[in-house]
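Take a look at the structure set out below.
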Amino acid sequence: MAATSSLKLRVEGMDCGACAVKIENALKRLPGVSDINVSYGQERLALSLDEDRTSPLTIKEKIRALGFTPVEAPENVSSTSGARPIRSREAWWRGRKGRLVLFSGAMFALAFTVAQLELRWGQWAYSAAALVSIVPFARRAYTGAISGTPFSIEMLMSVAALGALVIGAAEESAVVIFLFAVGELLETIAAGRARAGIESLIDIVPRIALRERDAAVEKVAVEELALGDVVVLRPGDRVPSDGSIIEGTSEIDESPVTGESMPVARQAGDKVYAGSINTNGELRVKISHVATDNTIARIIHMVEEAQATKAPMARLIDRFSAWYTPAAMLIALLVIVVPPLAFGADWITWIYRGLATLLIACPCALVISTPAAIASGLAAGARQGLLIKGGAALEMLGRIKTVAFDKTGTLTIGRPQVTDVVPIVGGEADVLARAAAVERNTSHPMGIAIVEAAKARSLVLPATFGGGMATPGKAVTTRLKDGFASVGSPRYAAEQAALDESVTQRIQALEQEGKTVVVLLAAKRVEGLIALRDEPRPDAAAAIARLHSAGIATVMLTGDNRRTADAIATKLGLEARAELLPDEKLTEIAALKAKGPIAMIGDGINDAPALAAASVGVAMGSGTDVALETADAALLQNRVMGVADLIALSKATLGNIWQNIGLALGLKVIFLGTTVFGVTSLWMAILADTGATVLVTANALRLLRQGRSGAGKRA
């Protein structure tokens, strides 16, 4: 017997956990196959194989028969490596599911045209369209049935469509097949965008690093960096991998990793993270983690793991399909055979009644009940600027018990703003104008905020003589008409001039409010203080109050410093947990999730693992591409109130779904009784089934008004 070998494949077309289960059930029935590991999030399949008993070709054929596309996976390519291949996105109409949509749509359109031209041929045209269109789905249903998944969604849909044909509802059958194909395609598109979001994380880390070796600096690929290598970071460079500064002083923009709203001063001995940006001074950094184990690589790994382990919400129709279809068939069969065999009743009469029963049991209305409500809910959300990536997320939002918010760019605007101007010499306008003149040509976020504040007040800035001189991490100095002036940190000011106790106390008071203070100096004299802070969004407090009124707990999870986080949290009225790295955010999410479903709201790359791990991840529309792609929903209008709107919309949709199920099953129960007693004719049964579908659809369309009321109301 040949030794067991490992087989790795990329499997395209997996959209949810049910797809992975279907493949696993099929493969574990094959001889010589073991250690099966299927991840729909990564589109990966790994297994151990005895090729003397089952060949790799057989594995691929089985996967194709289930409706998926197996592709050879390159060996030894780590999903967290910078060398990871990024698969180009294929146009939707080129994929297998896209072609099925076009084909089934074309068949229905052809049948519709024939029916309009010659009414007598309409039924035959729709029947032919349905029979031809259902072949690929019926084949998948059959393959699943003989491979361990007998009551799949394909089986339910196939039974519904064929049942409609048997009773003469050929047009409805063709429509159901087409809509099912469209739904599958939309799921595939959403899943593909989520995977592309993970791949785009790689772009945060540069491809090339400047490595210092033997007193020379050379360009090398990031993957070539080894532990202990020294790299040079120029102003504007991104950190190629985690390490420690061994020489130099600068300010590092760590917002892509930690969420820190302000660039942080770093010097020799401090750590820096891969993907962070060196804003000014030149640094020499000793590498402490290789490319496959740096911060960004670990974030990628956490996102993939979170998506692989997150239990997907089972579609409501799947829960019914486990028993509904066989039970309905059994009841129809009993209606046909029991009365004639047990009581000598007329066979023709009871065959007729059995066919009517089978028609009433046709799950067309039940099949459309959930997707119709979901589609209307998604459309209503879109009208409000609420992007929801699928029905599972829409349903789960209504069950949320806790909402966790990132701070920077989510609860806050995402950039510092001038909050206080404290004049020591002259007035507020003088201090702000002189500080803006010093910062006129800066690219530092705080300097930009000072200049913008001066422009907002229409202040005339003093003339400058020469460019500004930056002291990294300390101050910017510029020559004005009356001499040199500097805008710097309180520490820098204390080094240049003696600070009065009143000035020191005012600085401390402002810092206790979570604000960053800069000092305007001229001729070694303090002229004024300017305080800045990333302020809350205008609707944040009202949104949190609305969530609390709905009985939903709120918490802030941020990488920012505790003092700033507490100040913002107190102002908004929620709990704060600060100074969290991405893995620590993930731990917090897991602890909260154990108590009930949780939604995570974020906008940065550092939020991606938490967004993926939460029951539902929601991204702000202004967030990074990674956050938007990883999240299950997005607030395109950047309004915190959108979170409350999402939850209200979800609850309305859930209520609509249960109403639809009640309509569909209630009518079937009523007409089942009348059919058994001979009251319902075959034509009445057709009307009952069609009527249930019409009622369910009309009820679902009511959700479209949710954009103008209900969830659309602004607190």
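The values are calculated or read from the model by the stated rules, or taken from the named source; none is laboratory data. Because the structure is predicted, anything quoted here is derived from the model rather than measured. Every residue, glycine among them, receives a Cβ derived from its backbone with ideal geometry; neighbour counts consider all protein chains shown. Each accessible area value is taken on the protein alone, full model and side chains, heavy atoms only, with ligands, DNA and RNA left out. Shrake-Rupley method; radii C 1.70, N 1.55, O 1.52, S 1.80 Å.
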Worksheet entry | Meets criteria (of a type in the set (A, V, I, L, M), exposed (fewer than 13 other Cβ atoms within 10 Å of the Cβ) and at pLDDT 85 or above) for I134 | no
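Yes/no per residue for (1) part of a helix (DSSP H, G or I); (2) over 15 Å from L227 (Cα atoms); (3) of a type in the set (S, T, N, Q); (4) at pLDDT below 55:
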{"residue": "G269", "(1), (2), (3), (4)": "no, yes, no, no"}
{"residue": "V285", "(1), (2), (3), (4)": "no, no, no, no"}
{"residue": "A297", "(1), (2), (3), (4)": "yes, yes, no, no"}
{"residue": "H301", "(1), (2), (3), (4)": "yes, yes, no, no"}
{"residue": "A314", "(1), (2), (3), (4)": "no, yes, no, yes"}
Worksheet item: How about the stretch 211-255: which of its residues are assigned to a loop (DSSP other than H, G, I, E, B), modelled with pLDDT of 90 or more and open to solvent by less than 30 Å² (accessible area, probe 1.4 Å)?
Response: L225, D229, V239, P240, S241, D242, G248
Worksheet entry | Among the residues listed as L636, L592, the single one being modelled with pLDDT of 85 or more, open to solvent by 10 Å² or more (accessible area, probe 1.4 Å) and of a type in the set (A, V, I, L, M, F, W, C) | L592
Item to complete: Any chance you could count how many residues in the stretch 409-424 are open to solvent by 20 Å² or more (accessible area, probe 1.4 Å) and either in a helix (DSSP H, G or I) or acidic (D, E) (or both)?
Response: 1
Item to complete: Answer yes or no as to whether T258 is modelled with pLDDT under 85, β-branched (V, I, T) and either part of a loop (DSSP other than H, G, I, E, B) or over 27 Å from the mean Cα position of the chain (by Cα) (or both).
Response: yes
Worksheet item: Counting only residues that are in contact (Cβ under 8 Å) with a residue 60 or more places away in the chain and among the acidic types (D, E), which one in the stretch 562-589 is most open to solvent (accessible area, probe 1.4 Å)?
Response: D583
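So that you can scan it fast, the table gives a plain yes or no per residue for (1) surrounded by 23 or more Cβ atoms within 10 Å (Cβ to Cβ); (2) among the aliphatic types (A, V, I, L, M); (3) at pLDDT 95 or above:
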position: L499; (1), (2), (3): no, yes, no
position: Q505; (1), (2), (3): no, no, no
position: Q508; (1), (2), (3): no, no, no
position: E513; (1), (2), (3): no, no, no
position: D534; (1), (2), (3): yes, no, no
position: D539; (1), (2), (3): no, no, no
position: I552; (1), (2), (3): no, yes, yes
position: L557; (1), (2), (3): yes, yes, no
Worksheet item: If the Cβ limit is 9 Å and pairs must be 6+ apart or interchain, which residue in the stretch 164-191 that is at positive phi pairs with which residue that is at pLDDT 70 or above and open to solvent by 40 Å² or more (accessible area, probe 1.4 Å)?
Response: G168/Q123
Item to complete: Could you tell me which numbered condition A109 fails, if it satisfies all but one of (1) open to solvent by 60 Å² or more (accessible area, probe 1.4 Å); (2) free of Cβ contacts under 8 Å to residues at least 40 places away in the same chain?
Response: (1)
Fill in: Per-region count, the stretch 425-468, residues open to solvent by 20 Å² or more (accessible area, probe 1.4 Å), assigned to a helix (DSSP H, G or I) and either within 11 Å of L480 (Cα to Cα) or touching a Gly at 6+ places or on another chain (Cβ under 9 Å) (or both)
3
Practice prompt. Can you tell me which residue among R96, R87 is over 30 Å from E223 (Cα atoms), at pLDDT below 90 and out of contact with any Pro (no Cβ under 7 Å at 6 or more places or on another chain)?
Written response: R96
Worksheet, complete the sentence: Flagged in the stretch 546-576 as farther than 22 Å from P609 by Cα and of a type outside the set (G, A, S), in numbering order, are R546, L547, H548, I552, R563, T564, D566, I568, T570, K571, L572, L574
Worksheet item: Filter the stretch 667-698 for residues that are more than 30 Å from I348 (Cβ to Cβ) and open to solvent by 20 Å² or more (accessible area, probe 1.4 Å); which is modelled with the lowest pLDDT?
Response: V694
Response to the item:
Within the stretch 170-190, restricting to residues that are of a type in the set (A, V, I, L, M) and at pLDDT below 70, the one that is least open to solvent (accessible area, probe 1.4 Å) is A190
